[in-house]
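Everything below concerns the one structure shown next.
The values are calculated or read from the model by the stated rules, or taken from the named source; none is laboratory data. Computed from a predicted model, the values in this text were never measured in an experiment. Here Cβ is always computed from backbone atoms with ideal geometry, including for glycine, and neighbour counts include all displayed protein chains.
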Amino acid sequence: MIGSNATRSDSQDKMAGATRYTADVHYDGMLHGLTVRAPLAHGRIRAIRRREDLGLDWSQVVFATADDIPGSQRVHMIQDDMPFLARDEVLYQGEPVALVAAPTLALAEAARRAVAVEMEPLEALLTLEQMVQRHRQGQALEELSRWHIGRGDVAQAMERAEIVLEACYTTPHQEQAYLETNAMIAVPEANGCMRVEGSLQCPYYVAPAVAAMLGTDLDHLHVRSLPMGGAFGGKEDFPSMLGGHAALLSHLSGRPVRMVLERAEDVAYTTKRHPSWVRIRAGAMRDGTLCAVDIDIVFDGGAYVTMSPVVLSRGAIHAAGAYRWPAVQIDAVAYRSHTPPNGAFRGFGVPQTIFAVESHIDALARACGLPPHEMRRMNHLQPGDRTATGQQLDQTVAARQVLDTAVELSGFEERLRSAGTVRTDRRIRTGIGLALYLHGAGFTGGGEAKIAARVALDLARDGVVHIRVSSTEMGQGSHTVLAQIVAQELGLPLDHVVVDTPDTANVPNSGPTVASRTTMIVGGELVTCARAARQRLLQAVRSRVAGEPEELTLQQGQIRSPGGQGLGSYTEWVRRILSEEQTERWVFESQHQLSPHLHWDEATHSGDAYATYAWGCTVAEVEVDLDLFEVRVPHVWVAADVGRAINPTLARGQVEGGTLQALGYALSEEVGVRSDGHLLRDRFQTYILPTTLDSPPIEVALVEVPYARGPGGAKGLGEMPMNGAAPAVANAIEHALGVRIRDLPITPEKIFAAIRDRESSR
C-alpha cells in the first residue's frame, strides 16, 4: 500500500455530486443565522438596538448580543482575548457585535439590516507601512508576540565579512481562497446535549471553545467535521467563533441554526496570512562563504492574538533559511493592528521569511560573482550542521539532493546562460530563478508532547477496520493516506479500512489538522496500533489452530501458515474470534510522546525545533513583457523531499497546489485596506487568483530521504511547497530585468517603477 497511487476514498461521491457540504445540510425547523458587524475599525460601542420603525416582525427573529452569552465571553485559543461578540471596544471593522436568526434567510437579512450600532470612533492603525514606520522609530506599539533567536557573535562575524548587504522585504495579506466558505451548524439533541458541525479543521479546538461559551462541558457538547471544500489553515481558528455564534442562537431558540458566510463576508472578516516586513543584514566572504546574518521581523497580527505566536515563531525559526550561518541573530515581533485578525495559512510564517532570505541569498551570490545555485551548494545545511536554533541535523537532510535534482530537471545552468530577449510579436525578456528551502514537520519544539496526540484503531466483527482520529479531510487526501498506512501494517486490502467521521463524541484528540503533522505524527501512531492489532489477531488464530504454528502471516487479507498454507480470511477469523469473546470490536489506542533525544527551550527558542525537516527546491522561468511589464511564468520545476511518498499522486498534487498558491502570492494576490478599515478587495472579481489559464506546467520530482520515525519513512509535506515559488519568481525577474522587487506581489506597476528608478539614477 505504501508507495501506491490508491484512489482517494472520497473521489466517487465528489465526482458524482453526492457529497453534502455544510450548506447542503438541512434540519427540520432550522433557522438561518447572520452576524451584525461593527461599522468602524476602532471605537467604543454606545448602543446596539433593534429598530422598531421598519415594520419588521421581531417575534420571528432570535436576537443576541454579548449580554446573552451564558458562559465565557472570549474564544478559547492560544490567548483568550477575542470576544465572541464585542461588548464595549471594537478592534476591527466588521467585528461581530450581535447575531440574528430567522426561519428564512431573507428575514434574517432584513433583521440584520434593522439593527443599529452606534459607536464612538477611536484612532486606528490600519497598514503594515504605518506599523513598520513606528517600529523603526521606536514608537509605542502593542505587542501580540515576540521571539528572539541568537547563536554566535554576529557583530564580530560581520566585521570579518568582506561583503555586507542589507535590504528590506515586505509581503501582503493573502486570502486562503478555499472553494467552500466558512459554515457551521448547531443542533440541539434529544438528550439535552448539543452538536456543532461544519467546515472545520480542528474539532478539538472548536469543542472546548464553544462549550466554555455555553457554560457547559464536553459531555454535553460534541463537534464533528462535515465534508470540507478546502481550508489551507483558514478553518483552524475561525470555526470556533462561528460555531459559537451558531450554538448561542441555537441555545436561545432551541432549534437548529445554520450560519454560512457569503464570499465577500468570508474574505473581508476571516483570518488571512500575516503581512510581514523583514530586514536582513548579511555578511559573506568574497568566495561566497557565509559569515553572519542579522534579521529583524515584523508581522501584522491584526486585531487579536489568534495564531500569531506560533506563526511568528515558525517564521523566525526558518528565517535563516536552509544555510550554515556561523552567527545568527533574529528578532521577531507581531503587533496589533485594527484590521481583522490574521491567523494560520499554509506554511504559517515561513513563506514570508523564506521570501526574504532566498531573495537575499541571490543578492549575495551576485555580489560575490557566483551563480545562484553554486552559492547555495557552498552554504546549504548538511548532516551534522546546526540550524539557527542550535539543532544538530541528522541524516535526513536533503538540501543537496533537492537542489541538484531541481537544477538538473530544469536545465537551470543552460537557461541561466541563455536567458535574454526573445524575438516575438512583442518584446519579451526571459529569466530563470530558484529557491532552496526547508520546513519543519509537526509542531515546534515540545508542541507535540503537549498535545500528546491519541489515536484509536478498531477491529470490528464485520471485518471492517475503523480508524478513529480527529484529523480532518479537507481535500488533501489525508484519510486515504491514513487508510493506506493501516492497510499496509495489517496486511489487508484497502477496502477493509475506513476512517470514521471526526466527531469529538467518538474519536480521541489526535491534535489539529495543521503543521504538516497528520501523515507523520498521526500516521505514525496508527502504525503502533496496527502492529498491536495484527499481533493480537495472529496470536488468537494460533491458539485456535491445531499444532499451534509459531509464525503466521497476514497478507492481502489472508492468514497463512509458515509453509504458505491458507488458514482462512481475515474477515472470517475476526468474526469468529469476536463472536466467541462476545464483543463487537477490539480497540487499540496509542498516544504520541516526543522523542527523548529532542530538547527544546521555548523561552530562548533554542534547541531541537522539529523532529525532522522536509526540503524543497523550486525553479521558475519567467517572461516579462517590456511594454506592459506583465509577468508570465511558462514553467516551474519542483524537487520535494517527502521522506517517503505514501501516495505519490496525492503527494505531487500537494506540491502542485502549494506551488500555484505561491505563484498567486508572488504575482497578483493583494487585498489592501481602505481608509475605513474594510478590505479593499473582498471578492474574487477583484482579488486576483491564478486561474487555469495562469497555471504553468509544474514538473514535480519526489525526492525520498526517509525519516525513521515516520510511517514508511514519511515526513510532513503539505506546507513545504508554499515556500519556494515567490522567491524563485522574484529571483527570475531580477535575472531577466536587472531590478530587484522586494515587495510582494510583483505587479506591472512595481516593475515599471523599479525600471524607472534605475534609469533615472543613471
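Okay, here's what the table says:
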quantity: Filter result for the condition that a residue is surrounded by 18 or more Cβ atoms within 10 Å (Cβ to Cβ), charged (D, E, K, R) and not assigned by TED's automatic domain parsing to the domain that holds VAL499, over GLU162, GLU166, GLU175, GLU189; calculated: GLU175
quantity: Criterion violated by ASP217 - all others in (1) in the same structural domain as VAL75 (by TED's automatic domain parsing); (2) touching a residue at least 12 places away in the same chain (Cβ under 8 Å); (3) not hydrophobic (A, V, I, L, M, F, W, C); (4) not in a helix (DSSP H, G or I) satisfied; calculated: (2)
quantity: Flag if LEU144 is in a helix (DSSP H, G or I), surrounded by 18 or more Cβ atoms within 10 Å (Cβ to Cβ), touching a residue at least 12 places away in the same chain (Cβ under 8 Å) and aliphatic (A, V, I, L, M); calculated: no
quantity: Subset tally (residues that are within 24 Å of GLU265 (Cα to Cα) and out of contact with any Leu (no Cβ under 9 Å at 6 or more places or on another chain)) for the range 322-346; calculated: 5
quantity: Any hit, the range 712-730, residues being surrounded by fewer than 24 Cβ atoms within 10 Å (Cβ to Cβ) and at pLDDT below 95; calculated: no
quantity: Boolean, HIS479 is assigned to a strand (DSSP E or B) and either within 28 Å of the chain's Cα centre (by Cα) or of a type in the set (Lys, Arg) (or both); calculated: no
quantity: Where a residue in the range 40-61 is under 15 Å from LEU99 (Cα atoms) and not assigned by TED's automatic domain parsing to the domain that holds GLU109 and its partner, wherever it lies, is among the hydrophobic types (A, V, I, L, M, F, W, C) and surrounded by 12 or more Cβ atoms within 10 Å (Cβ to Cβ), with Cβ under 9 Å and at least six apart; calculated: none
quantity: All positions within the range 340-361 that are assigned to a loop (DSSP other than H, G, I, E, B) and more than 21 Å from the chain's Cα centre (by Cα); calculated: none
quantity: Hits in the range 638-655 (condition: out of contact with any helix residue (DSSP H, G or I) (no Cβ under 6 Å at 6 or more places or on another chain) and on the phi > 0 side of the Ramachandran plot); calculated: none
quantity: Pair list, Cβ < 7 Å and 6+ apart or interchain, from the range 502-526 residues that are surrounded by fewer than 24 Cβ atoms within 10 Å (Cβ to Cβ) to residues that are assigned to a loop (DSSP other than H, G, I, E, B) and basic (Lys, Arg); calculated: GLY524/ARG709
quantity: Selection within the range 12-27 - under 26 Å from ALA487 (Cα atoms) and either among the charged types (D, E, K, R) or surrounded by 12 or more Cβ atoms within 10 Å (Cβ to Cβ) (or both); calculated: ASP13, LYS14, THR19
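Residues are listed down the side, and each one gets a yes or a no for (1) of a type in the set (Gly, Ala, Ser); (2) at pLDDT below 95; (3) surrounded by 24 or more Cβ atoms within 10 Å (Cβ to Cβ); (4) assigned by TED's automatic domain parsing to the domain that holds GLN93:
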| site | (1), (2), (3), (4) |
| --- | --- |
| SER199 | yes, no, yes, yes |
| VAL206 | no, no, yes, yes |
| LEU226 | no, no, no, yes |
| LEU248 | no, no, yes, yes |
| ARG281 | no, no, no, no |
| GLY288 | yes, no, no, no |
